[in-house]
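Asker: The structure is given below, and queries will be raised subsequently.
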Amino acid sequence: MQVQDSRIVLTGAAGGMGQILARTLHSKGATLALVDANADALASMVKELDGAFAAPGDLSSAGECKVLAAQCRELLGGVDMLINLAGINSFAAYEDEAADKIELMMHVNLLAPMWLARALLPEMQKQNSGHIVNVGSIFGSIGFAYFATYSATKFGLRGFSEALRRELADTGIKVSYIAPRAVKTPMNSDAVMRMGEATKMNMDKPEVVVAKIIAAIEADKKDTYFGFPESLFVRINALLPRLVDGSLAAQNRIARAFAKGEK
Ligand SMILES: NC(=O)c1ccc[n+]([C@@H]2O[C@H](COP(=O)([O-])OP(=O)(O)OC[C@H]3O[C@@H](n4cnc5c(N)ncnc54)[C@H](OP(=O)(O)O)[C@@H]3O)[C@@H](O)[C@H]2O)c1
């Protein structure tokens, strides 16, 4: 769907990729409702982005997602596109992962996109047009050691995107799943950055990723995976996962010390 003149709800708008995405969508002529937990950052963004609206709130609750969806619809006078960008990660050995962190990640990364899509879909169906864009991760196709919860949430988001897309195939509503590889943003802790260096993990600049996200949206891409060789590994992992077990084994042994806070 074209970005120009679209009314767009963008979650995670105050984050590392969100701020750049918001500015770029605005410069391309979109009207934006910016959703994020960081109300102060949203307030300064709407001062800068003429005509954009701030909708601060916590996406981890079903009730608040429903309220936020209604508020965004009201502010924009309708919604053409929902971009589910907000997300959180955790780099930890699974035995150290707190139960409430697991629940929070499921809520923010998987359930919030599902709740928001559920709230906004009926209106898109009435107008028989719309675009639901779910930002996942390469970790949504390749389960990564020490990112077990994060991987599970993004696998779920990919499955939801595929099923909903098939369900809406005979309508004017598009569903896109966009999966970046690692990106240099505040989402990645110092431990992730150090592990990334030690394992030679590829990391993209957020500006580059945002440009690719917008290109994927405007081309109505169904599934998009960024970066080589990661996008190739997605295919290989689907066909020959045992081969990928082997090729990640050495990297996983290095990553463990970082995940356990020993390095
Ligand atoms: N960075 C990467 O390496 C990478 C790679 C692949 C995919 N992705 C995906 O790309 C998306 C954006 O990531 P990013 O790197 O831009 O992350 P980021 O810089 O951490 O930004 C995420 C934003 O979401 C907000 N948020 C978190 N929990 C929220 C909640 N409960 N309610 C409302 N807002 C909430 C955060 O607000 P607070 O900071 O105030 O909590 C933050 O502004 C995520 O879905 C992520 O999984 C990232």
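The values are calculated or read from the model by the stated rules, or taken from the named source; none is laboratory data. In this text the structure is predicted, and so the values were computed from the model without any measurement. Counting neighbours? That spans all protein chains shown, and the Cβs are built from the backbone with ideal geometry, glycine included. We work out accessible area using only protein heavy atoms, side chains counted, and drop any ligands, DNA or RNA first. Shrake-Rupley method; radii C 1.70, N 1.55, O 1.52, S 1.80 Å.
Asker: For segment 155-263, report the % of Cα-Cα distances exceeding 17 Å.
Answerer: Working: 3868 of 5886 pairs.
In whole percent, the share of Cα-Cα pairs in segment 155-263 beyond 17 Å is 66.
Asker: Can you list the residues, at least 5 places off or on another chain, whose amide H is less than 5 Å from the amide H of A30, using H built in the peptide plane?
Answerer: Excluding prolines and chain starts, which carry no amide H, the hits are D5.
Asker: Another question, if that's okay. With the dipole of segment 1-123 worked out from charges on the C-beta (+1 for Lys and Arg, -1 for Asp and Glu) around the Cα centre, which of T31, A117, A69 lies farthest toward the positive end?
Answerer: Most positive-ward Cα: T31.
Asker: Turning to a different aspect of this structure: Just to confirm, what accessible area per residue do you get for segment 148-229 at 1.4 Å probe, in whole Å²? Kindly include the intermediate steps, with their values, before the conclusion.
Answerer: Values: 3920 Å² over 82 residues.
Heavy-atom SASA per residue in segment 148-229 reads 48 Å².
Asker: Mind running the shape call on segment 9-130? Use the C-alpha gyration tensor, a ≥ b ≥ c as the square roots of the eigenvalues: rounded below 1.5 for a/c, prolate if a/b tops b/c, oblate otherwise. Can you show the working numbers first?
Answerer: Values: a/c = 2.18, a/b = 1.41, b/c = 1.55.
Because a/c hits 1.5 or more and a/b fails to exceed b/c, segment 9-130 counts as oblate.
Asker: Counting every Cα pair in the chain, what percent are over 30 Å apart? List each step's numbers first, then the result.
Answerer: Details: 8744 of 34453 pairs.
Result for the distance tail: 25 percent.
Asker: Right, another one. Any idea what the relative contact order of the chain is, in percent, if you count C-alpha pairs under 8 Å spaced at least 6 apart?
Answerer: Values: 458 pairs, mean separation 48.3, N = 263.
Averaging sequence separation for qualifying contacts and normalising by length gives 18 percent for the chain.
Asker: Can you pull the percent of the chain's accessible area that's carbon plus sulfur, 1.4 Å probe, other chains left in place? Don't skip to the end; give the middle numbers.
Answerer: Working: 6540 of 12080 Å².
Here it works out to 54 percent.
Asker: When the helices in the chain are scored as -39500 (n - 2.57) per DSSP H run of 4 or longer and the sum is shared across all residues, what 222 nm value do you end up with, to the nearest 500 deg cm²/dmol? Write out the running numbers ahead of the final one.
Answerer: Details: 10 runs with 131 residues, N = 263.
Calculated at 222 nm, the ellipticity per residue is -16000 deg cm²/dmol.
Asker: Rounded to the nearest 10 degrees, what's the angle between the helix 148-167 long axis and the longest principal axis of the chain, both from Cα atoms, 0 to 90?
Answerer: 40
Asker: Net charge near V35, counting Lys/Arg +1 and Asp/Glu -1 over other residues with Cβ under 14 Å of its Cβ?
Answerer: Details: positive: R7, K66, R73; negative: D36, D58, E64, E74.
Neighbourhood net charge equals -1.
Asker: Report the local net charge at P56: Lys and Arg +1, Asp and Glu -1, summed over other residues whose C-beta lies under 12 Å from its C-beta. It would help to have the intermediate numbers written out before the result.
Answerer: Details: positive: none; negative: D36, D40, D58, E64.
Result for the local shell: -4.
Asker: If you place +1 on the Cβ of every Lys and Arg, -1 on the Cβ of every Asp and Glu, and leave all else neutral, what size is the dipole of the chain about its Cα centre, to the nearest 20 Debye?
Answerer: Working: 28 positive and 28 negative charges, 142 e Å.
In debye, rounded to 20, the chain gives about 680.
Asker: Still on this structure: Please list, ordered by chain and number, the residues whose modelled amide H lies under 5 Å from the amide H of M187; skip anything fewer than 5 residues away on the same chain.
Answerer: Result for M187 returns G16.
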